[in-house]
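The values are calculated or read from the model by the stated rules, or taken from the named source; none is laboratory data. These numbers were taken from a predicted model, which means no experiment stands behind them. Cβ atoms come from the backbone with ideal geometry, glycine included; neighbour counts cover every protein chain shown.
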């Protein structure tokens with residue numbers, strides 16, 4: 001350095017003892033005026049310890065031509081190089097630590113910050129609580145007052161105010177969760193619009209679906225959206241109730257206030273306010289349970305001989 005101007009950049013093998021003591025290092029980022037770039041590049045030679053052509057030699061060449069070369073200093077972590085997967089992990093750790101700090105200073109609660117992972121474009125409003133071991137991929141937006149419970153994975157999802165996600169929920173791209181809605185444990189969504197106040201509490205898959213406001217989706221409900229060739233949508237109105245262990249075979253529509261009995265396979269539209277039952281009638285046969293148990297026990301005993 002000469003004042004605030006850069007004189008030269010030296011490789012370790014070509015540097016003098018005095019130059020090796022200089023702690024300012026080249027991060028590899030240059031901005032070169034276009035009118036000088038080609039002439040400087042053509043002048044680069046290979047008279048060095050390795051016999052290689054160094055782009056950094058253009059600094060000294062520029063000085064020889066009376067051009068000004070200035071330095072912009074940056075924090076070490078800002079210019080870390082990535083040549084291996086180990087170095088990539090180190091740079092990712094720096095990014096994650098910074099974003100976590102920024103989020104907490106902005107009013108987001110991270111219960112165990114070191115276990116929460118965000119993406120470059122993650123947007124989280126103040127007064128959101130993120131519990132441990134939550135991963136957010138690209139395209140995630142979370143509105144104020146929401147809680148993301150532990151071990152949830154979100155990607156391409158928009159979570160409304162006061163919503164509750166997880167634990168162990170997976171929101172895939174195209175998911176929108178309305179205000180005060182609930183997506184509970186072991187629920188997977190994809191291209192799903194879940195209305196305000198709706199509840200999808202557990203063990204459910206909602207794909208290519210629209211769920212109306214205040215509708216309740218029972219445990220084990222599946223939208224059967226794929227026939228092996230094409231995807232189809234399931235549309236459920238407001239204030240509807242879908243009983244546990246129901247299969248909704250798309251394309252299908254369930255109207256406002258409709259009620260689907262538990263265990264139903266719904267293959268046709270359900271009008272608003274209607275009750276849909278799509279399951280076989282239960283039949284009880286007296287004493288048959290005892291007979292079957294005795295027969296099975298005898299077979300098991302015989303197999304052990």
Study note, to complete from the structure: Of the listed residues (290, 253), the one being more than 26 Å from the chain's Cα centre (by Cα), modelled with pLDDT of 95 or more and either farther than 27 Å from residue 174 by Cβ or assigned to a loop (DSSP other than H, G, I, E, B) (or both) is 290
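Looking at 49, 60, which one is in contact (Cβ under 8 Å) with a residue 12 or more places away in the chain and touching a helix residue (DSSP H, G or I) at 6+ places or on another chain (Cβ under 7 Å)? If you could, list the steps in order and put the result at the bottom.
Details: 60 fails: touching a helix residue (DSSP H, G or I) at 6+ places or on another chain (Cβ under 7 Å).
Result of the check over 49, 60: 49.
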Point to revise | Hits in segment 215-238 (condition: touching a residue at least 24 places away in the same chain (Cβ under 8 Å) and surrounded by fewer than 20 Cβ atoms within 10 Å (Cβ to Cβ)) | key: 216, 219, 220, 222, 224, 231, 232, 233, 235, 238
Practice item. Search segment 189-201 for residues that are outside the structural domain of residue 231 (by TED's automatic domain parsing) and pair each with any residue that is in a strand (DSSP E or B) when their beta-carbon atoms are under 8 Å apart and the residues are at least 6 apart or on different chains. Key: none
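Every residue in segment 183-194 that is at negative phi and surrounded by fewer than 21 Cβ atoms within 10 Å (Cβ to Cβ), please. Show your work before the answer.
Here is the first cut: in segment 183-194, the residues at negative phi are 183-185, 187-190, 192-194.
Hits for segment 183-194 are 184, 185, 188, 193.
Within 21 Å of residue 232 (Cα to Cα) and in contact with a strand residue (DSSP E or B) (Cβ under 8 Å, 6 or more places away or on another chain), is that true of residue 275? Please lay out each step first, then the result.
Details: within 21 Å of residue 232 (Cα to Cα): no; in contact with a strand residue (DSSP E or B) (Cβ under 8 Å, 6 or more places away or on another chain): yes.
So residue 275 fails the test.
Filter the helices (runs of 4 or more DSSP H) completely within segment 5-88 down to those with at least 1 residues that are loosely packed, with under 10 Cβ neighbours inside 10 Å, at pLDDT 90 or above and under 44 Å from the mean Cα position of the chain (by Cα).
Details: elements: 17-20, 34-43, 58-64.
Counting at least 1 such residues, we get 34-43.
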Revision key, fill the gap. Among (1) under 12 Å from the mean Cα position of the chain (by Cα); (2) surrounded by 15 or more Cβ atoms within 10 Å (Cβ to Cβ), residue 120 falls short only on (2)
